[in-house]
1. Any idea what the relative contact order of segment 89-235 is, in percent, if you count C-alpha pairs under 8 Å spaced at least 6 apart?
2. Order these by the 10 Å Cβ neighbour count, fewest first: D50, D58.
3. Would you list K59, K47, K78 from fewest to most Cβ contacts within 10 Å?
4. Roughly speaking, what is the stretch gain from K87 to L231, that is 0.36 nm per residue apart minus the C-alpha to C-alpha distance, in nm to one decimal?
5. Give me the number: length gained by fully extending A77 to E155, i.e. 0.36 nm times residue separation minus the C-alpha to C-alpha distance, one decimal in nm.
6. Full-extension gain between R205 and S20, please, as 0.36 nm times their residue separation minus the C-alpha to C-alpha distance.
7. Along the Cα→Cβ direction, 7 angstrom out, place labels at A198 and I67. What is the inter-label distance in nm?
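Just so it is clear, none of the values below were taken in a lab; they were calculated from the coordinates. Just so it is clear, the structure is predicted and the values come from calculations on it, not from any experiment. Positions of Cβ are generated from backbone atoms using ideal geometry, with glycine treated the same way; all protein chains shown enter the neighbour counts.
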Amino acid sequence: MSEAADFTGCGPVVLPGGRSPQGDDRVVPIGRHGYPREQIRAVQRAKILDAFVAELGDKGMAGARVIEVCRRAGVSAKEFYAQFGTKEDCFFAAFDVGADLVFEQGAAAFAAAEGRWEDRVRAAIRAMLETLAVNPAFCRLCIVEAGQAGPAGVERLNAVILRCRTLLGGERDLATPPGMPVEACESVVVGGALQPLAEYVIAGRATELASLVSTLTYSITLAVVGHSRALRQLQE
C-alpha cells in the first residue's frame, strides 16, 4: 500500500492535513484484530501526517511541536519517532505525498482536455489549484514553508517546477530569445507562478486559489502562443 493511497477516495482529492487524524476511518483496533501489521502502520502514518500538516498550518514549521502533533494524532511520541526520525522527515514525507497527488490531478486533466495547447494548460492548472484550494493547511506547507526548509526544501520545490515544466511543455517548443536556454526560460515562467500562490496563502486566501486560473494560464502561455491567443484565457 502506498502512502498516497491513504489520502485518496471518492470525491475531491484529500491531501495530508485534510482529514481528521482521529476520525472514525482512522481508528486503530487494539488486541487481536487480524489486520496486517503493514496496514496498521500505514494508518498510523497517515494520522501523523494529517496531524502534522494541521499543526503546521496553525503555527508554521518553526512553531510546530512533535508533542502537539502526537496529541492531535492520538499517538505516542514513540510511535511518531518509529515512523519519522525528525520533524523535518515528517515535513518532507507530507510534502511528497501531497505534491504527487496534486501533480497527478494536473497530469490527468492535461491528458483529458481538448482544444489548443493553452486550453489544456488551463485544464491542468485548474485541476491543481482546485485540489490545493480544498486543502488549505497543505497549501501552507507546500507553497510557503517549503522554500524556508533549507536545501532539501528548495530541492523539492525545484523538482515540482521541473515536473510542471515537463507536463506543460507537452508537444511544443518554447520560442525563447537567442542565447537563452529553453530550460531556464521555462523555469522562470513556471516558477514565477508560485509567487501569487504564496501571496494568497499568506493572506489566508488559500481557498480562493482557483480564482488565479486565468491569470496563471495567461502568464505561463504568453511566451509560447503570443498575446492574442493567451489573452483569450483572461476572457473566459
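1. Working: 140 pairs, mean separation 41.0, N = 147.
Normalised by residue count, the contact order of segment 89-235 is 28 percent.
2. Details: D50 29, D58 13.
Ranking D50, D58 by Cβ neighbours within 10 Å, fewest first, gives D58, D50.
3. Numbers: K59 13, K47 27, K78 8.
Lowest to highest Cβ neighbour count: K78, K59, K47.
4. Working: separation 144, 0.36 × 144 = 51.84 nm, distance 4.44 nm.
Using 0.36 nm per residue and subtracting the Cα-Cα distance, I get 47.4 nm.
5. On the way: separation 78, 0.36 × 78 = 28.08 nm, distance 2.85 nm.
Going from the current span to full extension adds 25.2 nm.
6. On the way: separation 185, 0.36 × 185 = 66.60 nm, distance 2.13 nm.
Net length gain for the segment: 64.5 nm.
7. Each label point lies 7 Å from its Cα, and together they span 3.2 nm.
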